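*Asks:* Just passing along the structure, written as structure tokens.
The values are calculated or read from the model by the stated rules, or taken from the named source; none is laboratory data. Because the structure is a prediction, the values reported are computed rather than measured. No Cβ is skipped: glycine too gets one built from the backbone with ideal geometry, and neighbour counts run over all protein chains shown. Protein only, heavy atoms only, side chains kept; ligands, DNA and RNA dropped before computing areas. Shrake-Rupley method; radii C 1.70, N 1.55, O 1.52, S 1.80 Å.
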Amino acid sequence: MNYQHVLEQIADDVAATPGRGRSADYIPALASVDPSRFGIALADTDGKVYGVGEWRTPFSAQSITKVFTLALVLAQDGPTLWEQVGREPSGNPFNSLVQLEYENGIPRNPFINAGALVVTDRLQTLTGDASEDLLDFLRAESGNPDLGFDIEVAASESAHGDRNAALAHFMASYGNIRHPVPTLLDHYFRQCSIEMSCADLALAGGFLARHGVRADGGRLLSRSEAKQINAVMMTCGTYDAAGDFAHRVGLPGKSGVGGGILAVLPGKGTLCVWSPGLDERGNSVAGVAALDRFTTLTGLSVF
Ligand code: GLN
């Protein structure tokens, strides 16, 4: 398979597709990013990276980081984590509050904001510094020691963070959050603000394609745990569009409102696409289109 050629073909096809959606504006620091920007990278399981467009440009990873915090906690907690957070699609927007009361403060899955707050809270308990722990892991896996938080984005989100604060307080009332909410939010917003390129993210997600094995050959997750994360990405990684994403793309995927989507080709590699224009569910319009083209051109969906 000539991945470079495939990615070039996809970039041409996507460039010809009109309508790119809108950059996330509920985080003011992200609103000004041009929605028509585009990059795509593929890292194979040996760490060789192919890319087209702005594949080396750092952007706000946002909810894509939820995959990595989940992996770090699952690696230490194993199945007990699933007592605090579910693994069912929510069918609701990523920042929705409605199910939490019916379901006694247990979020549907780790990829909606409520679930990610629980996972970050747990990582804070396990490590004493959830955001630094995540950053260290991402630097190691991507091989990029320059990765860092975007303090401006984190502050911007914090200043407009009432909904995440409401989610955290509500779950704390059920005893499903252990740290003070301001401390938790501080770590959560910093995690979301980490700036990474498509190449960085594709490399960092390599352990998901290598069935739990890290870039240095050490094991992070059991084969079964890596399968679990991929499965939850497939069913929950794009929120209330997860069914449509599975239908169109057929790969485990995780989106973020910075416009990135990480997708896994189990046993083969990891893809990351970036284009900041979002649809109304918070997924990159051109990103989903590009991944749709990828599996159509290559036949490399998991089905
Ligand atoms: N930081 C964002 C939030 O909490 C992440 C959401 C996302 O990327 N879907 O709202």
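*Asks:* Determine, yes or no, whether residue 67 is open to solvent by less than 40 Å² (accessible area, probe 1.4 Å) and more than 13 Å from the ligand (Cβ to nearest atom).
*Replies:* It is false that residue 67 is open to solvent by less than 40 Å² (accessible area, probe 1.4 Å) and more than 13 Å from the ligand (Cβ to nearest atom).
*Asks:* Between a residue in the stretch 228-257 that is at positive phi and any residue that is at pLDDT below 95 and away from the ligand (no atom under 15 Å from the Cβ), which pairs come within a Cβ distance under 9 Å, given they are 6 or more apart or on different chains?
*Replies:* 239/91
*Asks:* Looking only at the stretch 142-157, which residues are in a helix (DSSP H, G or I) and surrounded by fewer than 22 Cβ atoms within 10 Å (Cβ to Cβ)?
*Replies:* Passing the criteria: 151, 152, 155, 156.
*Asks:* With (1) more than 16 Å from the ligand (Cβ to nearest atom); (2) assigned to a helix (DSSP H, G or I) as the list, and residue 245 as the residue in question, which single condition is left unmet?
*Replies:* Unmet condition: (1).
*Asks:* Determine whether the stretch 248-258 contains at least one residue that is of a type in the set (Gly, Ala, Ser), surrounded by fewer than 24 Cβ atoms within 10 Å (Cβ to Cβ) and either in a loop (DSSP other than H, G, I, E, B) or away from the ligand (no atom under 13 Å from the Cβ) (or both).
*Replies:* Yes, the stretch 248-258 has at least one match.
*Asks:* Among the residues of the stretch 232-277, count how many are among the acidic types (Asp, Glu) and within 11 Å of the chain's Cα centre (by Cα).
*Replies:* Residues that pass the stated criteria total 0.
*Asks:* Same structure again: Say we look at the stretch 158-213 and pick out the residues that are without any contact (Cβ under 8 Å) to a residue 24 or more places away in the chain and touching a Leu at 6+ places or on another chain (Cβ under 8 Å); which of these is surrounded by the most Cβ atoms within 10 Å (Cβ to Cβ)?
*Replies:* Step by step, filter the stretch 158-213, then rank; the result is 212.
*Asks:* With 79, 93 as the choices, which residue is within 16 Å of the ligand (Cβ to nearest atom) and either open to solvent by less than 40 Å² (accessible area, probe 1.4 Å) or not acidic (Asp, Glu) (or both)?
*Replies:* Just one listed residue meets the conditions, 93.
*Asks:* Within the set of pairs 6 or more residues apart or between chains, which connect a residue that is modelled with pLDDT of 95 or more inside the stretch 2-16 to a residue that is among the hydroxyl-bearing types (Ser, Thr, Tyr) with Cβ atoms less than 7 Å apart?
*Replies:* Once the first residue is modelled with pLDDT of 95 or more and sits in the stretch 2-16, its partners that are among the hydroxyl-bearing types (Ser, Thr, Tyr) give 3/50; 4/50; 6/298; 7/50.
*Asks:* Let me ask another. Answer yes or no as to whether residue 45 is surrounded by fewer than 19 Cβ atoms within 10 Å (Cβ to Cβ) and either of a type in the set (Val, Ile, Thr) or in contact with a Phe, Trp or Tyr (Cβ under 9 Å, 6 or more places away or on another chain) (or both).
*Replies:* yes
*Asks:* Filter the stretch 259-289 down to the residues that are open to solvent by 10 Å² or more (accessible area, probe 1.4 Å) and within 13 Å of the ligand (Cβ to nearest atom) and list them by number.
*Replies:* Matches in the stretch 259-289: 278, 279, 280, 281.
*Asks:* Give me a count of the residues in the stretch 267-303 that are out of contact with any His (no Cβ under 8 Å at 6 or more places or on another chain) and in a loop (DSSP other than H, G, I, E, B).
*Replies:* 14
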